[in-house]
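See below for the structure under consideration.
The values are calculated or read from the model by the stated rules, or taken from the named source; none is laboratory data. Everything numeric in this text was worked out from a predicted model, so none of it was measured. Counting neighbours? That spans all protein chains shown, and the Cβs are built from the backbone with ideal geometry, glycine included.
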């Protein structure tokens, strides 16, 4: 059994990392450039990001492969480099953390709409995810994280594609929910109950939510997940909703705020806590401090 | 007669894109005016879907299916609608700003606006400021709709607004903004003519700005 799953089975709470994109931009990634192209051109940058989060206390480090499926890379004409791009991302993180942290292969949405409401056949999306997953697993990722999904059909295709590459690699799957007067739904209308049932059926080992509009809702979302599944839960919250102040983007939820709310997430039954947009290595430190309380 | 139009509206709402062409043809054969089929059938259905979407009773896939049905119905009607009767009530140039490749929200707004009777010039994603302004002039559009999902690309919106002012077009062209990180406050700060939180509200906003009631 994978050490990752053993630790969760022993009810250890794991700390994931925080935002990747904003760090890459601060280090020189340009608007409009393919973030995953850095994996080949500047792996040192990925190592710096991984070091910052490892030092901050992350037990799980994500690879820079959110848009690393061939369907996404195709937008930049890089789909023929799917294997090398995903491999370089895993290797960059591994070179920093060795076995001190788990390397989590990030798999984001395909950017396509599935038939019948969209124009893409499910087989095309499945094959795309499978190609990326294969590259991540072959390169030694400890776990795969299918993340920021809004369409349950696509999320399940991704999970199934990963599972088709390996019968036992741990798979985490997260979806992004919005609050409505009728409860939490993804923009595609998926409920938390549906996510729990379908993602488990597809082969996910850990389910949960990422992105969103801040910790308050994430705590409610975590409780709702717990109602509908026995699987370990992962929550990676945004640091609130972005606001602009004097032309600059700010997020209101501070590392201290994260520290204060960690207990509530654990009470809700969450096993893996990390950050999404607007979070920094300092937020990860906050999560670590919150765990010690 | 009324039943035929209700059927068309209902089919559109359920996204029945395979049957709607037949229903529209049947309505035409029964002697109904193309314009009435458009307004009281197709557009009626689209506006119901729009309201349900705003209330979170239906979601993106339902809207996309309705739009597919709308297009299937329009294919039958279009050759028969001419001049004043086309149902077009204004032209909107729309796109995701430069540096941003996210287009789901923008596409949704396009669909809803098209459904509400606007002609849409969709410039796609990663669109430079001058392309928006040039397209608005070329197509005689009174509204430019800007979308951004990344906080880092939001400043591009300000550039488009500045360009509209520089070229002395601010009395002819209104610029509206939207997208997950965009807010009313941000829109005011950059001098946009309007902001909408979601696609349904975008339609209301565009109708107000285009003075269509």
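Brief remarks on what is shown
- Checking residue A:188 against (1) farther than 21 Å from residue A:78 by Cα; (2) buried (at least 22 other Cβ atoms within 10 Å of the Cβ); (3) touching a residue at least 40 places away in the same chain (Cβ under 8 Å), the condition it does not meet: (3)
- Filter pass, residue A:106 being within 19 Å of the chain's Cα centre (by Cα) and in a strand (DSSP E or B): yes
- A Cβ distance below 6 Å, combined with a sequence gap of six or more or placement on separate chains, defines the contacts here; from the range B:100-117, residues that are closer than 16 Å to residue B:69 by Cβ reach residues that are assigned to a helix (DSSP H, G or I) in the pairs B:108/B:199; B:111/B:67; B:112/B:50; B:112/B:199; B:112/B:203; B:115/B:46; B:115/B:70; B:116/B:203.
- Condition broken by residue B:145, with the remaining ones in (1) at pLDDT 95 or above; (2) within 13 Å of chain A (Cβ to nearest Cβ); (3) within 13 Å of the chain's Cα centre (by Cα) satisfied: (2)
- Top-ranked residue in the range A:35-53 [being in contact (Cβ under 8 Å) with a residue 40 or more places away in the chain and surrounded by 21 or more Cβ atoms within 10 Å (Cβ to Cβ); ranked as farthest from the chain's Cα centre (by Cα)]: A:39
- Selection within the range B:148-174 - within 30 Å of residue A:20 (Cβ to Cβ) and away from chain A (no Cβ under 14 Å): B:160
- If you filter the range A:70-97 down to residues that are over 25 Å from residue A:3 (Cα atoms) and away from chain B (no Cβ under 14 Å), you find that the one that is surrounded by the fewest Cβ atoms within 10 Å (Cβ to Cβ) is A:80.
- Only a single criterion out of (1) closer than 23 Å to residue A:185 by Cβ; (2) modelled with pLDDT under 90; (3) surrounded by fewer than 19 Cβ atoms within 10 Å (Cβ to Cβ) is not satisfied by residue B:85, namely (1).
- Pick from the range B:90-104, criterion more than 13 Å from the chain's Cα centre (by Cα) and assigned to a loop (DSSP other than H, G, I, E, B), ranking: nearest to the other protein chains (Cβ to nearest Cβ): B:99
- Counting the residues of the range A:239-293 that are in a strand (DSSP E or B) and without any contact (Cβ under 8 Å) to a residue 60 or more places away in the chain gives 6.
- Taken as a whole, the structure leaves residue B:121 outside the set of residues that are within 19 Å of residue B:159 (Cα to Cα), outside any loop (DSSP other than H, G, I, E, B) and at pLDDT 90 or above.
- Filter pass, residue B:182 being surrounded by 21 or more Cβ atoms within 10 Å (Cβ to Cβ), under 30 Å from residue B:51 (Cβ atoms) and modelled with pLDDT under 95: yes
- Test: residue in the range B:142-158 that is in contact with a helix residue (DSSP H, G or I) (Cβ under 7 Å, 6 or more places away or on another chain) and closer than 29 Å to residue B:9 by Cα: yes
One line per residue, one yes/no per condition, for (1) without any contact (Cβ under 8 Å) to a residue 24 or more places away in the chain; (2) more than 14 Å from chain A (Cβ to nearest Cβ); (3) over 20 Å from the mean Cα position of the chain (by Cα):
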{"residue": "B:9", "(1), (2), (3)": "no, yes, no"}
{"residue": "B:14", "(1), (2), (3)": "no, no, no"}
{"residue": "B:22", "(1), (2), (3)": "yes, yes, yes"}
{"residue": "B:32", "(1), (2), (3)": "no, yes, yes"}
{"residue": "B:49", "(1), (2), (3)": "no, no, no"}
{"residue": "B:66", "(1), (2), (3)": "no, no, no"}
{"residue": "B:81", "(1), (2), (3)": "no, yes, no"}
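- The one condition in (1) on the phi < 0 side of the Ramachandran plot; (2) in contact (Cβ under 8 Å) with a residue 24 or more places away in the chain; (3) within 14 Å of another protein chain (Cβ to nearest Cβ) that residue A:111 fails to fulfil: (1)
- So residue B:137, is it under 19 Å from the mean Cα position of the chain (by Cα) and either within 14 Å of chain A (Cβ to nearest Cβ) or assigned to a helix (DSSP H, G or I) (or both): yes
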